[in-house]
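Take a look at the structure below.
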Amino acid sequence: MTPATRQEVLSLYRKVFQIAKNWQSASGQIEETMREKEYIRNEARTLFQKNKNVTDAKLIKQCIEECEARIEIGLHYNIPYPRPIHLPPMGLAHKQGRTLRHQEKLRKISKPIYLKSHDEVS
């Protein structure tokens, strides 16, 4: 990891914890605010700890982009949790075979960047 990349990652880490410190839930309830603050801190710790040994520059860039996207979406919608994706259900596919594998592949490819690590950690 280059020194510039390291600075960028540390800056994002500090930014997430600063957001958690100043977070106010949409409902304004103290219990919900505390729960959301704790979620933000735990999610940040978990994901940064999970990716601390990543050395591939492309993968590091992807993780940084995911972090930035989750920050922007969280601040915009005032929701710390990842927003669900709306894909059509796979109800029309056969339960096995090539069609099902193809649909599963398309769903995986179409997943937004801000949800890539969410399924792995949660």
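Points to keep in mind about this one:
Residue by residue, here is whether (1) within 24 Å of Leu10 (Cα to Cα); (2) at pLDDT below 90; (3) open to solvent by 100 Å² or more (accessible area, probe 1.4 Å); (4) in a loop (DSSP other than H, G, I, E, B) holds:
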{"residue": "Ile60", "(1), (2), (3), (4)": "yes, no, no, no"}
{"residue": "His76", "(1), (2), (3), (4)": "yes, no, yes, no"}
{"residue": "Arg83", "(1), (2), (3), (4)": "no, yes, no, yes"}
{"residue": "Gly91", "(1), (2), (3), (4)": "no, yes, no, yes"}
{"residue": "Thr99", "(1), (2), (3), (4)": "no, yes, no, no"}
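- Failed item, numbered, when Asn22 is tested on (1) modelled with pLDDT under 90; (2) exposed (fewer than 11 other Cβ atoms within 10 Å of the Cβ); (3) more than 17 Å from the chain's Cα centre (by Cα): (1)
- Scanning segment 1-53 for residues that are among the acidic types (Asp, Glu) and without any contact (Cβ under 8 Å) to a residue 60 or more places away in the chain gives Glu8, Glu31, Glu32, Glu36, Glu38.
- Taken over segment 27-42, residues that are within 16 Å of Asn78 (Cβ to Cβ) and surrounded by 14 or more Cβ atoms within 10 Å (Cβ to Cβ) amount to 5.
- Scanning segment 11-57 for residues that are among the aliphatic types (A, V, I, L, M) and either within 16 Å of Ala69 (Cα to Cα) or touching a helix residue (DSSP H, G or I) at 6+ places or on another chain (Cβ under 6 Å) (or both) gives Leu12, Val16, Ile19, Ala20, Ile40, Ala44, Leu47, Val54.
The values are calculated or read from the model by the stated rules, or taken from the named source; none is laboratory data. Just so it is clear, the model here is predicted, and its values are computed rather than measured. Reconstructed Cβ throughout: ideal geometry from the backbone, glycine too, with neighbour counts over all protein chains shown. Each accessible area value is taken on the protein alone, full model and side chains, heavy atoms only, with ligands, DNA and RNA left out. Shrake-Rupley method; radii C 1.70, N 1.55, O 1.52, S 1.80 Å.
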